[in-house]
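The values are calculated or read from the model by the stated rules, or taken from the named source; none is laboratory data. What you see is a predicted model; the values in this text were computed from it and never measured. Counting neighbours? That spans all protein chains shown, and the Cβs are built from the backbone with ideal geometry, glycine included.
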Amino acid sequence: MVWRQFMYNWLRRETGRHVADAVSAAKADVQRKASAEDPASVTPRLCHVGIVVSDKTERGSIVDRLSGVVETQGNGFGLYEGQWRSRRIAVVEVGGGLECIAAATRALLAGHTPEWVVAAGFAGALVPALQRGDLVVADSVGDESGRRLKIDIQTGDDPDNQKYTIGGIVSVSRQPTNPQAKRALAAHMRAEAVDTSSLAVAEVCRESRVLCLVVRVVRDALEDSLPDEMKHMHNQKSLAGRLGAATGALMKRPSTAKDWWNIKQESLRCADHLALFLEEIVQQLIPSSRLEIPTRETSEPPDSKGS
């Protein structure tokens, strides 16, 4: 199975660059063999929609709504396969920087050949109109260097009566944690919200010519600011550093525990809202009768109508 092959390579390599090379080689090899055996054959589609997230809270709310979940854990990633009604979904949770996120997206495309990929998760608001829990569907994604990709978003007949905001999202290496930093970012970026990973997913999908959506839920409004103790913990690069910062914060100000609890509960509420919205989106993107996906045990090729 292709997925196991490149995931094995993932576990043996420490950088996203090596993962991307291994995945590309595996995909090319499969395509060459398929063409030699049957020029009309196609790679079986193992899921309708792939969803890429970078936080366990984001992933948890989505996976909780899936049925028949199969979980695969690796070094720095998690793969969760299941169904929303008759649509097969593959959720990839990957930590690390943009290189790792891009590599995980390539692995998802090579191993499961989804028709759509959705970059999903939390975002911070860069405009006053967005409040906690609001949904943003990106019509463009960019970064601080000026790179920008447009995403074609089709709205309904009444765009003023949507459950979400359509706007630009900027991806940065580190999420701003106070109003001053958000305003400074908004001053020179044409964007409504900020995250840390959308551009990496969108660029891989563009390279592979796979349909992509970016859907985010606002966890931090423009005027929201993390407590100083949490900012200090947020800035630590190692697990040991974060644990040390957390211990120090609790000793210095015990009420920090309440702050953490409130933020955690707000994150869960936002993640649940996002998961419900994603389920609605998947049903619109993939009509239930549109594609028959073979199970892992099935050796027969997919119905020719499926591609």
- Message: Yes or no: the stretch 162-169 includes at least one residue that is at pLDDT below 95, among the charged types (D, E, K, R), part of a loop (DSSP other than H, G, I, E, B) and farther than 24 Å from Ser267 by Cα.
- Response: no
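Going by the structure shown, is Leu149 in a strand (DSSP E or B), in contact with a helix residue (DSSP H, G or I) (Cβ under 6 Å, 6 or more places away or on another chain) and in contact (Cβ under 8 Å) with a residue 12 or more places away in the chain? Step through it out loud before you land on a result.
Details: in a strand (DSSP E or B): yes; in contact with a helix residue (DSSP H, G or I) (Cβ under 6 Å, 6 or more places away or on another chain): yes; in contact (Cβ under 8 Å) with a residue 12 or more places away in the chain: yes.
Yes: the conditions hold for Leu149.
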- Item | Filter pass, Val23 being touching a helix residue (DSSP H, G or I) at 6+ places or on another chain (Cβ under 9 Å), within 24 Å of Ala202 (Cβ to Cβ) and modelled with pLDDT under 50 | yes
- Task: Please tell me if Gly50 is of a type outside the set (D, E, K, R), surrounded by 20 or more Cβ atoms within 10 Å (Cβ to Cβ) and either under 17 Å from the mean Cα position of the chain (by Cα) or at pLDDT 95 or above (or both).
- Result: yes
- Within the stretch 254-288, can you find the residues that are modelled with pLDDT under 95, among the hydrophobic types (A, V, I, L, M, F, W, C) and touching a Lys or Arg at 6+ places or on another chain (Cβ under 8 Å)? Val282, Ile286
- Do any strands (runs of 3 or more DSSP E) lying entirely in the stretch 63-137 carry at least 1 residues that are within 30 Å of Ala187 (Cβ to Cβ) and touching a strand residue (DSSP E or B) at 6+ places or on another chain (Cβ under 8 Å), and which ones are they? 116-125
- Message: If I filter the stretch 184-194 for residues that are farther than 16 Å from Gln131 by Cα, at pLDDT 90 or above and among the charged types (D, E, K, R), do I get at least one hit?
- Response: no
- Using the structure shown, decide if Phe122 is aromatic (Phe, Trp, Tyr) and at pLDDT 95 or above. yes
- Selection from the stretch 176-196 of residues farther than 17 Å from Gly121 by Cβ and touching a residue at least 60 places away in the same chain (Cβ under 8 Å) yields Ala186, Met189
